[in-house]
Structure formats: C-alpha cells, structure tokens
1. Go through region 75-91 and report how many residues are open to solvent by 70 Å² or more (accessible area, probe 1.4 Å) and either modelled with pLDDT of 85 or more or of a type in the set (S, T, Y) (or both).
2. Pairs needed: first member in region 184-202, in contact (Cβ under 8 Å) with a residue 24 or more places away in the chain; second member anywhere, small (G, A, S) and buried (at least 16 other Cβ atoms within 10 Å of the Cβ); C-beta distance under 6 Å; at least 6 residues apart or different chains.
3. With the structure loaded, tell me whether L193 is hydrophobic (A, V, I, L, M, F, W, C), touching a Lys or Arg at 6+ places or on another chain (Cβ under 7 Å) and under 24 Å from K330 (Cβ atoms) or whether it fails that test.
4. When you look at E38, is it closer than 30 Å to L141 by Cα and surrounded by 10 or more Cβ atoms within 10 Å (Cβ to Cβ), yes or no?
5. Could you grab me the full set of residues in region 43-74 that are open to solvent by less than 90 Å² (accessible area, probe 1.4 Å), of a type outside the set (A, V, I, L, M, F, W, C) and closer than 30 Å to K12 by Cβ?
6. Does Q156 meet the test of being modelled with pLDDT under 80 and exposed (fewer than 12 other Cβ atoms within 10 Å of the Cβ)?
7. Considering region 301-317 alone, what residues qualify as being assigned to a strand (DSSP E or B) and surrounded by fewer than 18 Cβ atoms within 10 Å (Cβ to Cβ)?
8. Which of the residues belonging to region 1-38 are within 27 Å of L50 (Cα to Cα), without any contact (Cβ under 8 Å) to a residue 40 or more places away in the chain and either in contact with a helix residue (DSSP H, G or I) (Cβ under 6 Å, 6 or more places away or on another chain) or among the aromatic types (F, W, Y) (or both)?
Amino acid sequence: MPIIVGVDVLDKHAKNMISRRSYASTSPPLSLFDTKTELYWTLNDKRIFLGSLTLYSSSEVVLDRVLFGFSLIAITAIIKLSILFWLFIWAFDRYLARPMKELMRQVNEVQLSQDANKRINLSNAENNEISQLQEHMNNMLSAMQNDRERLLEDEQAKRSWLENAVEKRTEALQTLNQQLKELATKDSLTGTLNRGSFFEMSQHLLLLSQRQKSSASFILMDLDHFKMINDTHGHFAGDNVLIHFTETIKDLLRKSDLIGRVGGEEFAIFLPDTEIDAAFQLANKIREVVDSTTLKIDDKEISYTVSLGVEVSKPNDQSVTELFKRADLKLYGAKDKGRNRAER
C-alpha cells in the first residue's frame with residue numbers, strides 16, 4: 001500500500017521540474033506531511049548540487065496503512081482462534097461429550113432393565129475420569145443388587161408372617177365390623193334403627209315410592225305416661241318396657257317395613273307401598289296388642305298403652321320429615337282425645 005501522495009523535484013535554481021499528486025487539486029487531504037532532501041552529484045571528488053526532492057504523505061494514508069496492519073493481525077487472530085475453537089470442540093466431543101452420552105444412555109438402560117446383573121460397559125473406556133466413574137457406578141450397582149436380594153429375602157419372610165397374622169385376624173375384624181355397623185345404625189337398647197338411620201332409609205324408600213307413583217304411610221307412636229313408669233318402677237323397668245314394646249310389634253310388621261326409635265319413648269314405622277286404610281288398621285292392631293299384654297318385672301306386672309298418629313304420603317312430598325310432622329300432629333290429637341288410640 002503506497003504511503004506517498006505527492007512529489008516535487010526542484011533544480012538548483014529552485015525551479016519546479018516535476019510535480020505530481022495522487023489526489024485532485026480540488027479535494028486535497030486534511031493534513032499533509034512532507035520531507036525534503038537535497039540532491040548532490042559527486043564528480044572528481046567534488047559535490048555538485050543538483051536540486052531538491054520533496055515527498056508528501058497524508059494522515060489518511062498513514063491511518064489506512066495502520067488499519068490495514070491491524071486488519072491483518074485481526075484476521076490472523078480470528079483464524080488461529082477458529083482453529084483452536086474447533087480443536088477444543090473436537091477434543092470435548094471425543095473425550096467428554098460422546099463418552100458422557102454413552103454413559104447416560106447405558107445408565108438409562110440399566111435403570112429400565114429388569115436384569116439386575118446388567119452393568120455399564122463403555123465402548124471407548126480410556127483411563128480417565130469417565131472410566132473411573134464407570135467403575136464406581138458398576139460397584140454401586142453390585143452393592144445395590146446385593147442389598148436388593150437381602151431385602152427381598154427379608155420382605156418374603158415378613159410377608160409370610162403378615163399373611164399368617166392377617167388370616168388369623170380376618171374373622172375377628174369381620175365380626176368387629178359387623179358390630180360397628182350395627183352400632184352405627186341401630187338403637188343400642190331396643191335393636192331398632194336409630195333416628196338418623198331410620199330417617200335416611202325412609203327418605204330413600206319415599207323417593208322410590210314417588211317414582212313408582214305408589215303411596216307410603218308413616219306411623220308415629222308414643223308410649224302413654226312413660227315417665228310415670230320410670231318414676232314408679234325405676235329406669236330399669238322403663239328400659240324393659242321399651243324392649244318389650246318393640247318385640248311385641250315386630251311380629252306385626254312386614255320385612256319391607258322400617259321401625260326406628262326416634263325419641264326416648266317415641267317410635268316410628270315407615271310402610272312402603274301402603275295406603276292410609278291399611279296403615280290405620282295396622283296402627284289399631286298395634287294399639288290393641290299392646291293394650292292386652294302385660295310385662296312382669298320382679299314379681300310386678302306392668303301394663304302400658306300407646307298412642308299413634310297415622311299419615312300417608314302425598315304426590316308432592318319430597319322429604320320424609322314432612323310425613324313425620326303431619327303424623328306428629330295426628331299423634332298429639334290422639335293424646336288430646338285421651339290416649340290409647342290411633343288418629344289418621
């Protein structure tokens with residue numbers, strides 16, 4: 001790259017002999033540098049002055065030359081870095097990436113394999129950290145296999161013991177579950193359904209009757225003057241009267257009928273697929289049977305009566321509570337009319 005942009009040659013009389021410029025006279029460089037040299041000729045040991053030579057250079061040319069040099073240096077550096085980078089990539093892939101990929105693949109195969117004897121075996125296992133890692137993993141797999149076999153033996157022994165224990169306890173648990181089920185649904189004294197279970201089961205039967213467009217009846221019963229029995233003969237006698245009452249009327253009911261204790265001395269009967277006339281006849285029969293029987297406790301005969309309210313379902317009834325409320329009104333009507341009677 002040339003760095004001279006102009007030249008002037010003057011003779012010994014300072015007359016311009018040659019003047020050349022590499023730029024147009026209308027657009028000279030911003031700054032020029034010149035260097036002047038006098039020209040001599042030696043003849044017979046005598047120096048003869050010939051003239052002078054002036055060379056011109058500009059800052060732009062110098063800067064271009066410097067930039068060109070830096071460009072060469074930068075290109076050379078980029079080429080060297082590229083070579084080093086690709087060498088690094090090759091070495092990384094050859095000695096680390098590919099062995100690690102193969103190691104991870106074989107680890108996954110060992111993990112998913114059902115063969116406990118499977119081990120890691122790299123294709124290019126060189127003496128480096130990867131091979132040491134392979135060895136440690138294989139040692140760990142061997143230790144895990146030994147532990148697994150020992151655990152399986154212990155588990156088999158415990159399983160056999162548990163199977164024997166479960167077999168011995170199954171019958172006891174079934175009996176206990178049945179007892180718990182009865183305690184959750186039945187009254188502990190009379191053996192009839194408790195209030196919650198009675199209303200829950202009656203609700204299902206009522207909705208079934210409504211879907212089938214059939215009638216269902218509800219009988220609410222209350223033992224007359226039961227408090228007097230407790231006060232006169234004691235609570236033990238009162239409990240026996242309740243038991244006697246439920247045992248007396250159970251034989252009068254169908255298997256599909258529900259009976260429950262809904263209060264202290266208050267009982268209810270739900271009669272699916274039963275009209276009001278049939279329910280009223282049953283209520284009168286219960287009243288007559290109870291009135292005609294006596295209970296003997298400690299050489300004392302105890303007689304008692306019962307009042308009953310009978311109600312039948314209506315097409316728009318959606319809750320058994322509605323039947324209960326209407327039957328309760330009929331029951332109080334029976335009590336107001338002297339007790340020991342059924343009202344419909």
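The values are calculated or read from the model by the stated rules, or taken from the named source; none is laboratory data. None of these values were measured; they are calculated from a predicted model. Note that each Cβ is placed from the backbone with ideal geometry, even for glycine, and that neighbours are counted across all protein chains shown. Calculation scope for accessible area: heavy atoms of the full protein, side chains included, ligands and nucleic acids excluded. Shrake-Rupley method; radii C 1.70, N 1.55, O 1.52, S 1.80 Å.
1. Result for region 75-91: 11.
2. T192/G260; L193/G260; F198/G260
3. Numbers: hydrophobic (A, V, I, L, M, F, W, C): yes; touching a Lys or Arg at 6+ places or on another chain (Cβ under 7 Å): yes; under 24 Å from K330 (Cβ atoms): yes.
So L193 fits the description; yes.
4. Working: closer than 30 Å to L141 by Cα: no; surrounded by 10 or more Cβ atoms within 10 Å (Cβ to Cβ): yes.
Criteria not met by E38.
5. Selection gives G51, S52, T54, Y56, S57, S58.
6. On the way: modelled with pLDDT under 80: no; exposed (fewer than 12 other Cβ atoms within 10 Å of the Cβ): yes.
It is false that Q156 is modelled with pLDDT under 80 and exposed (fewer than 12 other Cβ atoms within 10 Å of the Cβ).
7. As a first pass, look at region 301-317 and keep what is assigned to a strand (DSSP E or B): 301-303, 306-312.
Listed by number, the residues that qualify are E301, I302, S303.
8. Result: F33, single match.
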